Every structure is written in structure tokens, then in C-alpha cells.
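Any read-out appearing in this document is the output of simple, stated calculations on the displayed coordinates, not a laboratory observation. In this text, all values refer to a predicted model and were calculated from it rather than measured experimentally. Quick reminder, even Gly has a Cβ in these numbers, built from the backbone with ideal geometry, and neighbours come from all protein chains shown.
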Amino acid sequence: MPVIYTFEAKSIQSYILDSSKLRDMVGASELIEDITAGLLDKVLQALKLQPDQDIEFSRKAGGAFIAILQSLEHAKNLRDLWTFTVRTCLPGLEFVQGFQTYQKHSEILSAEKATSQQKMADRNRLYPVYPIAGPLVARGPRTGAPAIIEKPNPNNEGNERLDKRTIIKRRFLERAEILALEEKLNLKTPYQDKLVWPKNLDPEDNQAEEQNFPTLGENRYIGVIHADGNGLGQLLMQVREDIKDIPQHYTKVFRRLSEIIEQATVAATRQATQAELVEKAVLRHNADGNSFQVMPARPLVLGGDDLTMIVRGDLAIAFTEKFLTAFEEHTETLFSQFKQEYKNQGINLHIPTGLTACAGISFVKASQPFYLAYHLAESLCKTAKTRSKQTLSEDGRVPASLAFHRITTSVIDDYETVCQRELTTPSGLLSMQPYAAGKIQPKEAGIFPRLQDLDDLRHLLAEDKISNGAVRELINLLYLSTERAERAYKRWRENMQKTQKNGLREFDNILNNLLGGDGDQNLSILTAEENKRTPLADALAWNSIAA
């Protein structure tokens, strides 16, 4: 009796980021990458299950798989051994799974739906991680999990208490001959020097043959980027609808679709990295005098339609914009090939021209809590996705967009709370996040500020013909009083009219592009009448990171 078995790791980012130490995060991300590659393959070998004979996969990437097994006994053996293996090799990783038998091909889609329902029911199940911490058990200071060993700190005085999860992450990283995420990107350098990815945010944490993250001088800002594709759920539902009458093609269609989405994400990341980061790699030398280039970035999650990456602060927005554009381009090319491939076999797939993605970037100092910074980036990405879904293109596609925030106070992991506490003034909201990026345009022009216009504004504010200090003063006044801000803005415009008329004209044109205004020369050119928002603070924040 055939069986469909689905498995999905959840809260992957929480598992990766729980210690806020980059070396541990790298080890965790490599462990996640190994789940559906080396680890699963070893379990299949132990059970003597032959791919494409005893078992087929319609999905096998990104910490998840959907397997079709021809024997109920084989399926139960896989479920039991796989569950034990994941809990042993990746303690603390949460996962959900579903298991359903079916009689014939025509029932496979309903069986998959049943496993999805089982996974949803499984989400609230608690999986204890051993050893259980009692009141007298020492804990690891970074994770709060019970410590099982204490070892000398390699770079500082005293000992370091480590929990089981952290030990496994570090051991996996130490033993790995090739790091999968680095291998995925397969970058080319115009130099003869070797490209090296950093493993530490703090130079004091360096161990033998490791490199710390190269920040920009005294500017210690890093960008924590989280990007996620738009419309993947609708795409999968459409494909299910298209093949409901030919379920025998289920496995190969979905396996191919899973492969091309991953391929598009990896290719877009590689293209953005090659264009924006490789030239900014920092030249260093080891003790033997050999030179190498240290990348100003570190990928943490790269699978499915998800990307989580750390990028040097001044490069993060340009990198993300390039990724969003490249993701559109690669999905368009691959989807066209995908549809034609199955059209030649008599299967018509009514899938979109391509996919877009949205992203969130939180800018933090390298020493600030990384876990909260990621959650803020995730919240910013959610804000961007919500806005994009409200402004569809002519053909019904969701435009790409990104939102960012520079953390200057305590780290808050929710963007809505940030807006309430830090950006809301009597005059309105001191931000126009998110900003549209990519090639897809909303069908109503002027309703979604574009990142390119913000880039033009921040470059203008950095020039001598516009007083950066006056703009900062205006932002401060907006916190205090709309009336005082209006008077200051009027005086500033009068002075600019006398001394920098061309600069003022350029300023007005850019703001009109951002706000969709008509050039009215009053405070409404700063704060959009409908929502009372301004892009000035966003432009200043971008400049402070790029400096």
C-alpha cells in the first residue's frame, strides 16, 4: 500500500540564531542544509531504501521533504528512524510531520492534503530536549540550555559552559570539509586570491584559520536580511489543480517545481553577491604571507524561496535590491522553461510568469543581540509583503519591495512597535517603509514609493547643495510640533531659493516622485496628506549606514 510521508523542520531561524555567536550560527545553518542531503541519505542507506524504486521525493530541500513510499512497512521504518535521528543529531530543532496511506494515484492529492492537516495539528506538540534542566543544573550563558561540559575559552580567561546543541553545531563545523552554503554560491573572483567567508563578528572570537567579519572602519553596522518569496502557496495550489486529473505526474511535477524555485533563489543570491559584494571583499594575509579576500557577508539560510544573510551595513540595501530583481528574472526564465517542458508532454500548467520576493533589513551594530535583530528583519519583511499585496501589477502579480530600519535605541523585534515608539510624531509617521523594488510596477502609478527615488534623495541630501543639518533639525521639530516644523521648513525653503535654487528644484522633484505630489510648496511635500508620512528620515538613516 503506497504511503505519503511529509516532514518539515520549523523555527529554523530560531535554531540557527539561538546563541548569537556567528561561528555557532554557521554550524547550525550547515546542519540544516545537511538534513535533506547527507543526513537523510544516510538514513535511507541504513534502511536499504533505493531512490526511485522504494522511495520517490516530490520535494527534498530547505529542511523539508515529501516522500512517496511503496510499502507501509518501509514508511513506518523511515518515520521511526528519521524521527530518532533528527532528535539525536539536531537536538532542539522543532519539526512537524504527516503520514497517510492511499490506494491509487487518484488519491495522492487528497493524501497529501491529509498529511498537511496532520502537520498543522502537530505544530503545538512539545518535544522535550534532554537533559532536562533542574534547579541545580548549570546552563549555557548564551542559550540558557543545560550545560553538559565546561571547557577553556580559547581566547579569553576562564571556562565556557556549553550545552549539547552548541557542542554539536561546533563539532559539525569543525569536521566539515566543504561548507554547503558556500559551495552553493560557487563565486568567481577577478583576483587570484582565495575568497573566504567570515565565521566571527568579533575579532576576539577568532580561532585558528578563522576570519572575523570585515565591517566598514568605525561604522560597525551590519544588515540582517530576511527575504521571502511572494505567492508560493497560490502557485502550489494552482499546480495541484492543473494535475488533479493526471495524478500520476504528481511526483515529478512537484519535484521539478521545488528544484527550480530553489535554483532561482540560489542563482539570484549568487548574482547579487557577485555584483555587489565580491569587489568589496577585504584583502588579508595569513601568518605564511598568503593573501586572501574576506567576504563582507555571511549566508545563513538559502533554501526554497527563503534567504537569510548578514551583509556589511553599507552594502545591504544594494545587495537586497539586486537579489529581488534577479529573483524575478530567474523565476521568469525557469518558469517559462518549466511550462514548455510539460506542455510538450500534453500537460498545461497555468502558473504565473514568475515570482517576486519581499525583504526586510534590520541594521544593528555587530555587538548587538542578533536574535532580536533577525526577528525585526522578519517583521520588516512581513510589513513589505503586506504592502505589496495591496498594490498588484496589471497582470495581478505582487511587486517586490523591501523595508529597513536602523536600530539606534534598544532592540525591538516587532516593526509595528518600533513605529509606535520611535517613528510616530504629532505630524505623522517619520518613515515611508516599505519601498518598491524590482521590475514589476503597481497598476496605479504613484501609490508606492520606489527605492530608486529614495536612493536619489539620500544622495542629494549628502551633497553640499542641500543642508543635511537643516533636514535633521526639521525631523527633530516634527517630533515636537507641526507648527514649528512648518515655520522652519518655510524659512529653509526661502534660504534655499536664494542660495541653491537648482538644488531645491531637484529636491522637490524627488519628493514629488516619492509622495505622488503635485509640487505644492508647503509642508505637504514632506508629509503625504493621506497617511502623513515622510521619506526624509529613511534617507538620513540610509546615509548614516553608508557613511
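A crude spin-label estimate for the pair S14 and R87, with each label 7 Å from Cα along the Cβ direction, gives 1.8 nm. Placing a label point 7 Å from the Cα of I347 along the Cα-to-Cβ direction, the residues of segment 70-109 with a backbone N closer than 19 Å are 70, 104-109.
Between the listed residues C381, G346, I310, the Cα displaced farthest toward the positive end of the dipole of segment 183-425, a dipole computed from Cβ unit charges relative to the Cα centre, is found at G346. Residue ranges 499-506, 299-306, 109-116 sort as 299-306, 109-116, 499-506 when ordered by packing (mean number of other C-beta atoms within 10 Å per residue, highest first).
Over all directions, the projected convex hull of the C-alpha atoms in the chain averages 29.4 nm² in area.
To make sure I understand the rule: partners must be lysines, Cα under 27 Å from the Cα of K280, and not fewer than 8 residues away in the same chain. Which ones qualify? Those lysines meeting the cut-off are K21, K184, K188, K194, K199, K322, K365, K439. Peptide packing: for 533-542, 174-183, the average count of neighbouring Cβ atoms within 10 Å per residue gives the ranking 533-542, 174-183, highest mean first.
Listed highest first by mean packing, meaning other Cβ atoms within 10 Å per residue, what order do 137-148, 248-259 come in?
Packing proxy ranking, top to bottom: 248-259, 137-148.
With the convex hull drawn over the C-alpha atoms of segment 302-341, the volume per residue is 58 Å³. Computed about the Cα centre, the dipole magnitude for the chain is approximately 640 debye when only Lys and Arg (+1) and Asp and Glu (-1) carry charge, each at its Cβ.
Show which lysines lie in cross-link reach of K252 when reach means a straight Cα distance below 20 angstrom and same-chain residues fewer than eight apart are skipped. Hits, sequence-local ones excluded: K60, K104, K113, K244, K339, K343.
Quick check of the Kirkwood formula: for segment 393-505, what is the inverse mean of 1/r over all pairs of different Cα atoms, in Å?
16.5
Normalised Debye scattering of segment 3-122 at q = 0.14, 0.18, 0.22 Å⁻¹ gives log10 I(q)/I(0) of -0.59, -0.93, -1.29, counting only Cα atoms as equal scatterers and leaving out solvent.
A cut-off of 5 Å between modelled amide H atoms, ignoring neighbours fewer than 5 places along the same chain, links S71 with V3.
If a/c stays under 1.5 just call it rounded; otherwise compare a/b with b/c (prolate if a/b is bigger, oblate if not). Do that for segment 183-425, with a ≥ b ≥ c from the square roots of the Cα gyration tensor eigenvalues. In terms of gyration-tensor shape, oblate. In order along segment 290-297, phi translates into HN-Hα couplings of 6, 9, 7, 10, 9, 5, x, 6 Hz, rounded to whole numbers, per the Karplus curve 6.51 cos²θ - 1.76 cosθ + 1.60 with θ = phi - 60° and x for Gly and Pro.
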